[in-house]
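A short worksheet on the structure shown next.
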Amino acid sequence: MGIVLSNIIAIYRRELQSYFISPLAYAIASVFWFIGGLFFVMILLGPDGILSAVAQIDLQGQQLGVPIPPIDVPYEFVRAFLDRLGWLLLFILPILSMGLYAEERKRGTLELLATSPVTNWAVAVGKLLGVLTFFTTLIIPLFVFQAIAISASNPPMSPTIPLLGHLGLILLAAAILSLGMFISSLTDSTILSAVLTFALVLLLLFVDVIAKSIGGPVGEIVGHFSLLKHYNTLIQGIFDTSALILFTSYIFLGIFLTAQSIDALRFQRR
């Protein structure tokens with residue numbers, strides 16, 4: 001067990017270091033922060049933002065002499081912001097996961113990795129933890145900005161809602177990255193890997209729409225596989241164990257399929 005953990009940590013460090021010296025990773029981070037910052041400003045302060053909408057509703061209430069029910073601005077802001085970030089992941093994560101194994105294939109080091117004493121499970125877990133850690137560093141600055149914005153709210157917002165929402169964001173990212181890692185293990189083309197991951201994630205995000213069109217018990221069963229449906233549950237501050245189980249299942253499935261893919265490569269080289 002100790003040897004397996006040491007191997008996972010070694011792979012994890014190697015993978016994480018590769019992101020911090022990669023110009024592509026810095027380009028992805030710049031785009032993510034720029035678009036994320038744009039969402040932040042537009043949702044909160046934009047012409048159609050939450051503060052403008054609340055001020056307009058309040059003004060209309062005063063003019064008509066009608067009492068306006070209170071609006072939970074911090075909650076609406078956090079929910080809307082995390083919703084936009086969830087869609088942004090659709091474009092960012094396939095690029096982050098595309099080189100996890102495809103680059104190894106291209107450089108010819110995948111065969112060495114597949115035939116090394118390190119188990120394929122340890123390699124897959126280490127790689128996934130590395131890219132997930134890099135992604136988590138991307139959302140930390142945005143989380144700090146949110147904390148500053150909602151700290152001025154009165155009454156103060158419960159920290160449970162943003163924390164649960166960001167847990168959902170990380171779990172959604174882990175599930176997509178895990179599936180993207182499996183697709184990356186099938187090809188030496190990083191572009192093809194990114195495109196196929198994008199298509200797969202798009203399908204999984206819209207499973208809920210497909211389920212509603214099917215309807216009935218079958219549609220209800222299909223709807224349980226929707227990443228978007230369960231992500232929306234968590235960013236609403238609702239703790240749902242079925243959402244946690246679903247995300248964990250997707251993560252495990254991606255790691256399992258990746259290990260099987262590399263096992264098949266090892267078998268071919270014998």
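Summary table below
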| read-out | value |
| --- | --- |
| Region 115-270 shape via C-alpha gyration tensor axes, a/c threshold 1.5 | oblate |
| On Cα atoms only, tilt of 190-205 relative to the major axis of the chain in degrees | 50 degrees |
| CD proxy at 222 nm, helix term only [per DSSP H run n ≥ 4: -39500 (n - 2.57); per residue of the chain; nearest 500] | -27000 deg cm²/dmol |
| 26 Å Cα-Cα reach of K106 towards lysines, excluding residues that sit fewer than 8 places from it in its own chain | K127 |
| Between 0 and 90°, nearest 10: helix 120-151 axis offset from the chain longest Cα axis | 20 degrees |
| Shape category assigned to region 115-198 from the gyration tensor of Cα positions, a/c cut at 1.5 | prolate |
| Gyration tensor verdict on region 48-162 (Cα atoms; rounded if a/c is under 1.5, prolate if a/b is larger than b/c, oblate otherwise) | prolate |
| Highest-MSF residue in the chain out of I191, I57, I95 [GNM, Cα springs under 10 Å] | I57 |
| By accessible area with a 1.4 Å probe, ligands and nucleic acids excluded, highest first: order of L64, L142, L171 | L64, L171, L142 |
| 26 Å Cα-Cα reach of K212 towards lysines, excluding residues that sit fewer than 8 places from it in its own chain | K229 |
| Angle between the chain longest axis and helix 160-184 axis [Cα atoms, degrees, rounded to 10] | 30 degrees |
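The values are calculated or read from the model by the stated rules, or taken from the named source; none is laboratory data. What you are looking at is a predicted structure, and each value in this text was computed from that prediction instead of being measured. For accessibility, only protein heavy atoms count, side chains too; no ligands or nucleic acids. Shrake-Rupley method; radii C 1.70, N 1.55, O 1.52, S 1.80 Å.
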